[in-house]
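The values are calculated or read from the model by the stated rules, or taken from the named source; none is laboratory data. Computed from a prediction, not measured in an experiment: that's the story for all the values here. Every residue, glycine as well, gets a Cβ built from its backbone with ideal geometry; the counts of neighbours run over all protein chains shown. The accessibility values were calculated without ligands, DNA or RNA, using every heavy atom of the protein model including side chains. Shrake-Rupley method; radii C 1.70, N 1.55, O 1.52, S 1.80 Å.
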Amino acid sequence: MTRIKEAVLTEWIGQILTGSGLDQEQAQMISEHLVLANLRGVDSHGISKIDVYCKRLEKGIVNKKLNFHITKETPVSALIDGENSMGISLATKGIKLAVQKAKEVGVGIVGISHSNHAGMLAAYTDYAAQHDCISIAVTNAPSVMAPWGGRTPFFGTNPISYSIPTGGEMNIVFDMATTTVAKGKIVLAEKENKSIPVGWAISKDGRETTDPKEALEGLLLPVGGPKGYGLSFLVETLSSLFTGAAYGPYIGSLFDDFEHEQNVGQFFFVMRADLFQELDVFKARVDQMAQEIKGIERMQGVDRIYLPGEIEFERARELRQNGIPVSAQMLETLQAISDQLGIKTEQFSPVG
């Protein structure tokens, strides 16, 4: 691994995105988002996505301009037609609108259709928490998981994230796929020639597998068995049926379909944290509960109890200081894209 400082890596990714045809605002927005995912240790949703993003931009499958319009709106809600723009750009605009509405009237609900891959949901819920709001964010994804008991892919990884503002240094930010693991982690394992743990996926003939290639050709497994399937159903409903986006098998594949748009959907629910109690009272109670949770008697072999998102928060703090680890394979990918776009990379020196 080579370590690269956050600002340097963000600038490099930003130049790649502008070189691929995005305007400066979008390039900055997306590069900051991808690098944040790496900072939090969610490498599957970080800069590893840059090659497929660039390929889709090059082939014109995604609208390079950030075009969108609101098709339905009330004081508390808005439905955005994303017009096939970049998913991270659309979702960033969507969460900001949801927070704005929540600040004005108490609750903000925003749905997005005709969107694309929106990256790491924690980035959006964390934004809401920074503005003293409680939030829930969901997005659907191309089919990789069967309904519980089935053998045909129908649902995507269908992640869900929530955030809760606190009075301390770290807000509570939880983010999970409703599959046992995000598909991006398996894609990353394949790129880096690594095996995957048993329990992440099964092969197309129903066998347990540690081979990421077999996993990508087969099925991802739901987290918690039928419980994960139930959560995925809710995520699919809010992301697609509620917003008008494509659902399940009708979503275009991010990695394999370079002819059709994805038409992914996103959904944000945001509410001011002071709707029922004064903000300082609510935050103090969250802090008290968090302290009590961390102070309870631990199981044998457990050194510490973490709050949701605390591991990612501490990792980001460490990597901001010491640099973000980038694999040799990822460096080769960034170099190859840069060479293709005529970007000089001498300026993007590693730490030390």
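Rolling a 1.4 Å probe over the protein chains gives MET176 an accessible area of about 50 Å².
For the stretch 178-245, applying the loop criterion from DSSP together with a ceiling of 13 other beta carbons within 10 Å to the trypsin sites (Lys or Arg not before Pro) yields LYS194, ARG207.
Contact order, relative form, for the chain: 23 percent (alpha carbon pairs under 8 Å, 6 or more residues apart, mean separation divided by residue count).
Averaging Cα coordinates gives a centre for the stretch 189-267 and one for the stretch 42-63; these two points are 17 Å apart.
Any idea what the alpha-carbon Rg over 2.2 N^0.38 Å comes to for the stretch 53-200?
Output field value: 1.16.
Residues GLU297, GLU310, ordered by accessible area of protein heavy atoms at a 1.4 angstrom probe radius and largest first, appear as GLU297, GLU310. Remark: the chain carries 47 Å² of accessible area per residue (probe radius 1.4 Å; ligands, DNA and RNA excluded).
Computed log10 I(q)/I(0) for the chain at 0.12, 0.14, 0.15 Å⁻¹: -0.91, -1.25, -1.42, from the Debye equation with unit scatterers placed on every C-alpha and solvent omitted. With the cut-off at 32 Å, tell me which of the pairs LYS194/LYS283; LYS93/LYS183; LYS103/LYS344 have Cα atoms farther apart than that. LYS194/LYS283; LYS103/LYS344, as the Cα separations exceed 32 Å there. Here the accessible area of the stretch 97-212 is 54 percent carbon and sulfur, with a 1.4 angstrom probe and all protein chains present.
Within the accessible area of the stretch 1-81, the carbon and sulfur atoms contribute 50%, probe 1.4 Å, all protein chains present.
Calculated translational diffusion coefficient of the stretch 148-224 (25 °C, 0.890 mPa s; Stokes-Einstein with Kirkwood radius over alpha-carbon pairs) equals 179 µm²/s.
Exposure check, 1.4 Å probe, all protein chains in place: HIS69 carries approximately 80 Å² of accessible surface. Given a 1.4 Å probe and the protein chains as shown, ARG56 ends up with an accessible area of around 0 Å². For the stretch 220-352, the spread of Cα positions along the three principal axes, ordered from largest to smallest, is 54, 49, 37 Å. Size descriptors for the stretch 276-350, from the alpha-carbon set: Rg then Dmax equal 21.3, 57 Å.
Rounded to two decimal places and with Rh computed the Kirkwood way over Cα pairs, what is Rg over Rh for the stretch 233-307? Could you put the intermediate results ahead of the total?
On the way: Rg = 20.9 Å, Rh = 16.8 Å.
On the Cα set of the stretch 233-307, Rg over Rh gives 1.25.
Helices that extend 24 Å or more along their long axis by alpha-carbon positions and average at least -1.0 on the Kyte-Doolittle scale are, among the DSSP H runs of the chain, 87-105.
Net charge near GLN277, counting Lys/Arg +1 and Asp/Glu -1 over other residues with Cβ under 13 Å of its Cβ?
Details: positive: ARG272, LYS283, ARG285; negative: ASP132, ASP274, GLU278, ASP280.
Net of charged neighbours comes to -1.
Projected over all directions and averaged, the alpha-carbon convex hull of the stretch 136-272 occupies 9.8 nm².
May I ask you to work out the translational diffusion coefficient for the stretch 70-150 at 20 °C, viscosity 1.002 mPa s, via Stokes-Einstein with Rh from the Kirkwood sum over Cα pairs, reported in whole µm²/s?
Working: Rh = 13.4 Å.
It diffuses with D of about 160 µm²/s by this estimate.
Each Cα pair of the stretch 6-77 feeds into the Kirkwood radius, which the Stokes-Einstein equation turns, at 10 °C and 1.306 mPa s, into a diffusion coefficient of 120 µm²/s.
Quote the relative contact order of the stretch 40-151 in percent (integer), defining contacts as alpha-carbon pairs under 8 Å separated by 6+ residues. Averaging sequence separation for qualifying contacts and normalising by length gives 21 percent for the stretch 40-151. Heavy-atom surface analysis with a 1.4 Å probe gives the stretch 242-352 a carbon and sulfur content of 52 percent of its accessible area.
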